[in-house]
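Take a look at the structure below.
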Amino acid sequence: MKRNDLLTPIGIFLGVTMIMVGIYSNGGFAGVLSFVQVTSIIIVLGGLSAALLVNFNLKEMKITWKVLKEAFNHDEQNLRELIQLFVRLSERARREGLLALETDLEEVEDPFIKKGILLAVDGIEPEVINDIMNAEISAIEERHTRGRAIFEKAAEYAPAWGMIGTLIGLVLMLDNLTDPSTLGPNMAVALLTTLYGTILANLVFQPIAGKSENKTEQEMFMKQVIIEGVIGVQSGQNPKILEEKLSAFLSEDDKLQQEDEEEDFMGEAANEA
């Protein structure tokens, strides 16, 4: 289930706010306004957009919005719940056979789990299931890498276009040294384009690319757990053995929490008895 990831907008807002507070504390509201330079914004954003259009094709550029949207969402995947799901499927498969699992798939939302269980129900060998599902993981990872590459390139290009704007401002300033009234605006263009490019690269593009990479790693990890679970169910492993095998993927905190819950459950059962 996807939920809004508030950390991304909070992080960007906090970064911008701290910059504005730093400026305001020294220059007041007038100081903040002096850091708003339309010419610099046009140079950085216009040049950056042009460079990305040259570097990527239209199909790849369309992925940008999907990757950006994913940066503001996160999948709620509970590893312990996933393990318990495969334990239940294993118990039913041993009790009623693999064909009985088809009815349980109606309650499963993850298409990757559904695909794996359907392959198991169809009697596909474990080695073949492993190959098929790993091939899909590789394809998903490749798509994520291509989408992330746009933000990684944007992080590279933004400071460069800031420097280009700086050079433009310096040239304009040197070309009009006889007119003192132009020195201030041209110097502002020269300095602020570098500032804008650096902020965009280090507060927006690179962090989003990093978050996308982290989410991909987490998704690949969960899918590897799913593969192990599907193969365990297909091969008829004992549910307890399967649970112990999948529990190896749990972090130490999750294991401690699971042990505490089991102790609480045993304590409640003893009290009721």
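Filtering 159, 207 for residues that are within 30 Å of residue 111 (Cβ to Cβ) and either at pLDDT 90 or above or among the aromatic types (Phe, Trp, Tyr) (or both) leaves a single hit, 207.
Which condition breaks for residue 215 when tested against (1) in contact with a strand residue (DSSP E or B) (Cβ under 8 Å, 6 or more places away or on another chain); (2) at pLDDT 90 or above? Unmet for residue 215, out of (1) in contact with a strand residue (DSSP E or B) (Cβ under 8 Å, 6 or more places away or on another chain); (2) at pLDDT 90 or above: (2).
Counting only residues that are more than 26 Å from residue 7 (Cβ to Cβ) and either open to solvent by less than 40 Å² (accessible area, probe 1.4 Å) or of a type in the set (Lys, Arg) (or both), the range 47-60 holds 4 of them.
For first residues located in the range 213-224 and within 11 Å of residue 141 (Cα to Cα), partners that are among the charged types (D, E, K, R) and surrounded by fewer than 17 Cβ atoms within 10 Å (Cβ to Cβ) and lie 6+ apart or on another chain with Cβ distances below 8 Å form the pairs 215/75; 216/141; 219/75; 220/141. Hey, any hits in the range 63-84 for a residue that's closer than 19 Å to residue 237 by Cβ, open to solvent by less than 90 Å² (accessible area, probe 1.4 Å), more than 21 Å from the chain's Cα centre (by Cα) and of a type outside the set (D, E, K, R)? Taking every residue of the range 63-84 in turn, at least one turns out to be closer than 19 Å to residue 237 by Cβ, open to solvent by less than 90 Å² (accessible area, probe 1.4 Å), more than 21 Å from the chain's Cα centre (by Cα) and of a type outside the set (D, E, K, R). For the range 31-46, residues that are open to solvent by 70 Å² or more (accessible area, probe 1.4 Å) and more than 24 Å from the chain's Cα centre (by Cα) total 5.
Yes or no, residue by residue, for (1) part of a helix (DSSP H, G or I); (2) out of contact with any Phe, Trp or Tyr (no Cβ under 8 Å at 6 or more places or on another chain):
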residue: 106; (1), (2): yes, yes
residue: 115; (1), (2): yes, yes
residue: 119; (1), (2): yes, yes
residue: 124; (1), (2): no, yes
residue: 138; (1), (2): yes, yes
residue: 153; (1), (2): yes, no
residue: 156; (1), (2): yes, yes
residue: 159; (1), (2): yes, yes
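Here the helices (runs of 4 or more DSSP H) wholly within the range 1-85 that include at least 2 residues being aliphatic (A, V, I, L, M) and without any contact (Cβ under 8 Å) to a residue 24 or more places away in the chain are 7-33, 38-55. Restricting attention to the range 224-238, the residues that are open to solvent by 20 Å² or more (accessible area, probe 1.4 Å) and not hydroxyl-bearing (Ser, Thr, Tyr) total 7. Quick one: in the range 225-254, of everything that is among the acidic types (Asp, Glu) and free of Cβ contacts under 8 Å to residues at least 24 places away in the same chain, which residue is farthest from residue 125 (Cα to Cα)? Filtering the range 225-254 for residues that are among the acidic types (Asp, Glu) and free of Cβ contacts under 8 Å to residues at least 24 places away in the same chain, the one farthest from residue 125 (Cα to Cα) comes out as 253.
The values are calculated or read from the model by the stated rules, or taken from the named source; none is laboratory data. Source: prediction; values computed, not measured. Neighbour counts run over all protein chains shown; Cβ positions are idealised from the backbone, glycine included. Ligands, DNA and RNA are excluded from the accessible area calculation, which covers all protein heavy atoms including side chains. Shrake-Rupley method; radii C 1.70, N 1.55, O 1.52, S 1.80 Å.
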